[in-house]
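Asker: To start, I am sharing the structure in question, which I have written as structure tokens.
Bear in mind that the values in this text are calculations on the coordinates, not laboratory data. The shown structure was predicted, so the numbers you read here are calculated from the model rather than taken from an experiment. Using ideal geometry, Cβ is built from the backbone for each residue, glycine included, and neighbour counts are taken over all protein chains shown.
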Amino acid sequence: MSYYTKKRKSNWIIHILLTWSLVIFTINTWLFLSDRFLITSPTQETVKIHNENNLAVLKSQSKDFNELSQSIKSYLDKQKGVYSVYVYDINKNQSLGIHEATIYTAASINKIPILAALYYETQRGVIDLDKRITIQQSDLQDYGTGILRNEGPGGVYSFKTLAQFMMEKSDNTAAFIITQTVGDARIQELINSWNMLQTDFENNKTSNKDMAALLIKMYQGKIANQALSQEMIGFLDNSDFENRLPRLLPKDVKIYHKIGNETGFVHDVGIVALPNSPYYIGVLSSEITVEEEAEETIAQISKLTYDFMINR
């Protein structure tokens with residue numbers, strides 16, 4: 001055999017070996033990738049399980065207030081009076097509304113915008129909360145709730161103390177003095193700027209949705225700075241009137257709220273400050289003949305809402 005014949009035969013053998021090596025490498029690589037990335041055709045059962053799991057996740061993520069709404073409506077169908085209910089999940093920006101935009105006589109829940117206006121003007125440096133004033137005879141309001149009217153003129157109090165009396169004791173004399181200081185027109189101007197389009201301060205009218213907008217702003221520190229906001233919202237905790245929204249809730253649950261009472265009207269609105277899911281709840285009512293029955297209704301709606309929220 002010649003030298004060139006031997007060389008050609010040697011080259012042919014090398015070519016075959018290289019070709020087989022390449023084929024083996026390709027097969028191994030394909031098997032590795034197939035296993036790594038699970039490149040398999042899914043069975044019908046696999047697709048079904050996958051879809052069911054995804055649907056369960058979506059249901060969990062998008063759970064709304066339909067169940068709670070039906071529970072509240074069923075309960076209200078058995079009660080006397082006309083009710084507005086509004087619940088707003090602050091973290092999820094989701095809400096439940098039953099006549100939430102209906103305008104009601106506000107009664108003493110109008111003290112909430114008075115408080116907000118006082119602290120807004122304090123933030124601006126217009127009012128000094130520590131300034132002390134002497135109660136005059138003309139300041140005393142001889143109707144409704146409060147303690148100052150029974151003390152007569154001559155008492156000396158700071159605006160901060162008056163704010164506390166106004167919210168914790170629903171003191172009408174304190175509310176009158178603060179309103180006179182801030183000004184009715186200024187309070188309405190601020191109400192408008194806070195987008196409370198259904199609230200007429202002078203005529204004492206508001207809606208559940210407007211109260212929610214303001215209380216959430218107060219709770220989130222959008223009315224005044226952090227220190228003032230904490231002080232302001234703190235006056236809505238532990239009032240003399242805890243027999244409505246807070247009554248059936250656990251004692252350790254923090255709730256910032258304000259009641260309102262007038263002939264035929266019984267209200268309570270507030271923020272339930274659950275650590276992971278704070279929410280607004282407001283219950284306004286009209287055509288009420290027995291106040292205690294309306295108070296029980298508000299307490300039961302609050303309990304239904306709380307039970308729903310903690311299991312959401």
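Asker: Multiplying the sequence separation of Lys222 and Leu197 by 0.36 nm and subtracting their Cα-Cα distance, what value in nm do you get?
Answerer: Values: separation 25, 0.36 × 25 = 9.00 nm, distance 1.80 nm.
Gain on stretching Lys222 to Leu197: 7.2 nm.
Asker: Still on this model: 5 Å is the cut-off here: which amide hydrogens, built 1.01 Å from N in the peptide plane, fall below it relative to Glu100, excluding neighbours closer than 5 in sequence?
Answerer: The answer is Val85.
Asker: Take Asp307 and Thr289, extend 7 Å from each Cα along the Cα→Cβ direction, and tell me the distance between the two endpoints in nm.
Answerer: Those two pseudo-labels are separated by 2.9 nm.
Asker: Further question: Mind checking the dipole of segment 183-289: about its Cα centre, +1 per Lys or Arg Cβ, -1 per Asp or Glu Cβ, Debye to the nearest 20?
Answerer: It comes to approximately 360 debye.
Asker: For Gln94, which sequence-distant residues (separation of 5 or more, or a different chain) have an amide H within less than 5 Å of its own amide H, given hydrogens modelled in the peptide plane?
Answerer: Residues meeting the criterion, in which the H sits 1.01 Å from N, are Asp89.
Asker: Straight distance only, please: which aspartates and glutamates reach the Cα of Lys209 with their own Cα at less than 17 Å, same-chain residues fewer than 8 apart left out?
Answerer: Result set, ordered by chain and number: Asp89, Glu100, Asp200, Asp268.
Asker: Taking θ as phi - 60°, what are the ³J(HN,Hα) couplings along segment 259-273 by the Karplus curve (6.51, -1.76, 1.60), each to the nearest whole Hz, with x for Gly and Pro?
Answerer: 8, x, 9, 7, 3, x, 10, 9, 10, 7, 9, x, 10, 8, 8
Asker: Label point 7 Å out from Asn243 along Cα-to-Cβ: which residues of segment 169-186 have amide N under 20 Å?
Answerer: Answer for this model: 169-172.
Asker: Please rank Thr134, Thr161, fewest neighbouring Cβ atoms within 10 Å first, as an exposure proxy. Could the numbers behind the result be given before it?
Answerer: Working: Thr134 10, Thr161 15.
Ranked by crowding around the Cβ, least crowded first: Thr134, Thr161.
Asker: Simple spin-label model, 7 Å along Cα-to-Cβ: Ser158 to Ser71 in nm?
Answerer: About 4.3 nm separates the two model spin labels.
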